[in-house]
1. Criterion first (at pLDDT below 90, touching a strand residue (DSSP E or B) at 6+ places or on another chain (Cβ under 7 Å) and among the hydroxyl-bearing types (Ser, Thr, Tyr)) does residue 169 satisfy it?
2. Inside segment 136-151, can you point out the residues that are surrounded by fewer than 19 Cβ atoms within 10 Å (Cβ to Cβ) and in contact with a His (Cβ under 7 Å, 6 or more places away or on another chain)?
3. Looking at segment 35-48 only, could you name the residues that are over 11 Å from residue 93 (Cβ atoms), of a type in the set (D, E, K, R) and touching a residue at least 12 places away in the same chain (Cβ under 8 Å)?
4. Those residues that are without any contact (Cβ under 8 Å) to a residue 24 or more places away in the chain and either of a type in the set (Phe, Trp, Tyr) or touching a helix residue (DSSP H, G or I) at 6+ places or on another chain (Cβ under 9 Å) (or both), I need them from segment 130-143; list them, please.
5. Anything in segment 21-60 that is open to solvent by 50 Å² or more (accessible area, probe 1.4 Å) and either of a type in the set (Gly, Ala, Ser) or within 25 Å of residue 135 (Cβ to Cβ) (or both)? List them, or say none.
6. Hey, does segment 100-118 have a residue that's assigned to a loop (DSSP other than H, G, I, E, B), within 23 Å of residue 33 (Cβ to Cβ) and either within 15 Å of the chain's Cα centre (by Cα) or at pLDDT 85 or above (or both)?
7. Mind listing whichever residues of segment 144-170 are closer than 17 Å to residue 64 by Cβ and either among the hydroxyl-bearing types (Ser, Thr, Tyr) or touching a residue at least 24 places away in the same chain (Cβ under 8 Å) (or both)?
8. Taking segment 1-19, which residues are part of a loop (DSSP other than H, G, I, E, B), under 22 Å from residue 81 (Cβ atoms) and open to solvent by 50 Å² or more (accessible area, probe 1.4 Å)?
Amino acid sequence: DLDYVVELPDGSVIIFLHQVYYDYGKPDSRLMEDYQLDWLGNRLEQYKDRTVFLFFHSQMQGKVGDFDDYGTSLEMTTNTEDYKRLDAYFKQYTNVIFFNGHTHNSFDLVFSEQYGDRLINTYGGEYATLVHIPSLAQSQLGHIVHVYEDCIVFEGYHFGKGEAFAYATFIIEK
């Protein structure tokens, strides 16, 4: 199965959710099947008392990372079933940290004045934390995630050069 869970020694959980379709922009667009969303809902309920790191390819419209290098967007739009289900889950399960990419953005573009800070949003603890992953394939950028008892540190990192980016490093409290 391409959707699966990894339980970590510290008690946190990683969930990998695969994208079945690349159908963007229409009201009936789908990126996932209903069985996946049902499965995800059951896993989120199962792990509601743990930190859950959820990985998915595409971002949600109006959330972090919702543009690409060309100022366009290929995202899960707000009127689709996929978006509505994830949005409801993220309102209910604020213990989730949702990682997405798809845009091939660099850290620099994410922090440009034109777009503002689109790398991470904690929503004040009222919603899942959303984290955009820059392009690892093209620019070798990503995050190293450090999990501590009282906080999680997202360290912006250039894997090709072995360098951290202070401006792309964030701390959230657990």
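1. Judged against the criteria, residue 169 is a match.
2. Of everything in segment 136-151, those that are surrounded by fewer than 19 Cβ atoms within 10 Å (Cβ to Cβ) and in contact with a His (Cβ under 7 Å, 6 or more places away or on another chain) turn out to be 138, 140.
3. Those that are over 11 Å from residue 93 (Cβ atoms), of a type in the set (D, E, K, R) and touching a residue at least 12 places away in the same chain (Cβ under 8 Å): none in segment 35-48.
4. 142 - this is the single residue of segment 130-143 that is without any contact (Cβ under 8 Å) to a residue 24 or more places away in the chain and either of a type in the set (Phe, Trp, Tyr) or touching a helix residue (DSSP H, G or I) at 6+ places or on another chain (Cβ under 9 Å) (or both).
5. Of everything in segment 21-60, those that are open to solvent by 50 Å² or more (accessible area, probe 1.4 Å) and either of a type in the set (Gly, Ala, Ser) or within 25 Å of residue 135 (Cβ to Cβ) (or both) turn out to be 21, 22, 25, 30, 55, 57.
6. Yes.
7. If the condition is that a residue be closer than 17 Å to residue 64 by Cβ and either among the hydroxyl-bearing types (Ser, Thr, Tyr) or touching a residue at least 24 places away in the same chain (Cβ under 8 Å) (or both), then 145, 152, 154, 156, 165, 167, 168, 169, 170 are the ones that fit.
8. Filtering segment 1-19 for residues part of a loop (DSSP other than H, G, I, E, B) gives 1-3, 8-12, 17-19.
Next cut, under 22 Å from residue 81 (Cβ atoms) only: 1-3, 17-19.
Matches in segment 1-19: 1, 2.
The values are calculated or read from the model by the stated rules, or taken from the named source; none is laboratory data. Everything quoted here is computed from the prediction, not taken from an experiment. Neighbour counts run over all protein chains shown; Cβ positions are idealised from the backbone, glycine included. The accessibility values were calculated without ligands, DNA or RNA, using every heavy atom of the protein model including side chains. Shrake-Rupley method; radii C 1.70, N 1.55, O 1.52, S 1.80 Å.
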